[in-house]
Amino acid sequence: MTEENQQLPDLEIYVEGGDIEAMVAWIQTVFEDSNIDNQNKQGAKLTCNYQDETFPVVIVKNAGSTGFSSIWFDTRLLPWEDDLACAKAAYEALGKTVRCIESVWVNGDDPDRWFEYSTDGEKIINWG
C-alpha cells in the first residue's frame, strides 16, 4: 500500500446479506435529506444531500455473487473520513459483517486484500 493519503472520488462498502430495507434505513438516518428514487428486491437508488452536495447512493444486492451487498456513494464529501470509518459505522448500525478496500489500490498491491469489521473484530482479510 502506498503511504500517500490518496482517496478515490467515491466510496464503496460491502455489507453481508441482502437486507435492502435495513441498508436504506441506515442511509436515511445518516443523511436526513435523502430520497428513495427506486427500491426493489435487488437493490435501491437514493439521492442524498450532505453539506449542500447532492449525490446518488446505489445499493446492489449480492454484488458479484459474493453474498455481500454493495453500497456505493458517488462522492467523497461524506461524514466519514475514509472507507474504513464508513465500514465501521455500517457494521455498528447494521450488525452485519462489512468489508471495504484497505486503501487506494496502486500498481503492485494485492487486489484481494480487504478490511473487515465483524463479530470477530477488525482485521485484514484476503477476499478473492
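Read-outs: derived from the displayed coordinates by stated rules, not from any lab. Please read all numbers here as calculations on a predicted model, not as lab measurements. Quick reminder, even Gly has a Cβ in these numbers, built from the backbone with ideal geometry, and neighbours come from all protein chains shown.
For (1) loosely packed, with under 15 Cβ neighbours inside 10 Å; (2) under 13 Å from residue 14 (Cα atoms), each residue gets a yes or a no:
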{"position": "49", "(1), (2)": "yes, no"}
{"position": "68", "(1), (2)": "no, yes"}
{"position": "83", "(1), (2)": "no, yes"}
{"position": "113", "(1), (2)": "no, no"}
{"position": "122", "(1), (2)": "yes, no"}
Self-check item: Near pairs, Cβ below 7 angstrom, 6+ apart or cross-chain, from the stretch 33-44 (farther than 21 Å from residue 67 by Cα) to any residue that is not in a strand (DSSP E or B)
Solution: 34/27; 34/28; 36/24
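Taking into account only those residues within the stretch 69-94 that are over 8 Å from the mean Cα position of the chain (by Cα) and among the hydroxyl-bearing types (Ser, Thr, Tyr), which is farthest from residue 114 (Cα to Cα)?
Looking at residues that are over 8 Å from the mean Cα position of the chain (by Cα) and among the hydroxyl-bearing types (Ser, Thr, Tyr), I get 75.
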